[in-house]
Amino acid sequence: IVTYSRAQFYTLEVRNSDGTRISDNWINSESMAGIGLINSSINCSGNNITLWASGPSSWGIGNAGNSSEIKNNIIQAPYSEAGIITAFSGDNRIENNTITTNGFGIACLGVVNDFLAQNIVDASSGIHVGASPDGIYECNVVTASNTGIDIWENSQGQQILANSLAGMKDLDVKSVLGPQEYHGNEFIGGSPSTTLTGSNLDLSIFLVNGNY
């Protein structure tokens, strides 16, 4: 499907439809958002989305369903709040997406157990995590004018594995991550940053294997 849309909100919206597949669409849109997944477990893959909207609540793909798979999408959203946003859900897999935006590349807000892997992100802030515990962020390549991975409060127990991060700050941590032992991240840009102190900081240390 090739779609040019000026719909008020979503160009393509699916609600209450577990098992639906949204794939191989070409969307060029002035709507506030490209694809919306609401209360549904959905496979959303292989879509090419260009979104021209700006401001809050503008994003390429918005997910508020559990156990969705968002894979192999190309999203260009130069003025939008986020390329992909997943909110108030859990157990989602966000993999192999290519995202270009001046907002958040991927935003996880109020989710649990989300898995983000092998995404290529060029954004102001690459991956933004808020009130979202127990996530896994693995083998993502992030170039950011601000922060590579940004983990805000109430987001404990993260695993940050083998990511390549190049930002003004590569990693900004405001929650207790748990020990990160030999996780093989590549910090290319600015220094990591944290507001944690004392024992909470000790619980979020990145350990390095001196044999490599």
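The values are calculated or read from the model by the stated rules, or taken from the named source; none is laboratory data. Just so we're clear, the structure is a prediction, and the values are computed from it rather than from any experiment. Surface areas here come from the heavy atoms of the whole protein model, side chains and all, with no ligands, DNA or RNA. Shrake-Rupley method; radii C 1.70, N 1.55, O 1.52, S 1.80 Å.
Normalised by the number of residues in the chain, the mean separation of alpha-carbon contacts (under 8 Å, six or more apart) gives a relative contact order of 11 percent.
Helix-only arithmetic for the chain: the sum of -39500 (n - 2.57) across DSSP H runs with n ≥ 4, divided by the residue total, places the mean residue ellipticity at 222 nm at -500 deg cm²/dmol. Taking amide H as placed 1.01 Å from N in the peptide plane, the amide H of Ser45 sits under 5 Å from that of Ile22, Ser23, Asp24, Lys71, each at least 5 places away or on another chain. Across the stretch 44-58, coupling constants 3J(HN,Hα) worked out from phi with the 6.51/-1.76/1.60 Karplus curve, θ = phi - 60°, read 10, 9, x, 8, 10, 10, 10, 10, 9, 5, 9, x, x, 6, 10 Hz, and Gly and Pro carry x. For the stretch 50-154, the relative contact order comes to 21 percent (Cα pairs under 8 Å, sequence separation of at least 6).
Shape verdict for the stretch 39-102, please, from the Cα gyration tensor: rounded (a/c under 1.5), prolate (a/b greater than b/c) or oblate.
Numbers: a/c = 2.41, a/b = 1.43, b/c = 1.69.
Judged from the Cα gyration tensor, the stretch 39-102 comes out oblate (a/c at least 1.5, b/c at or above a/b).
Using the 1.4 Å probe convention, the accessible area of the chain works out to 45 Å² per residue with neighbouring protein chains retained.
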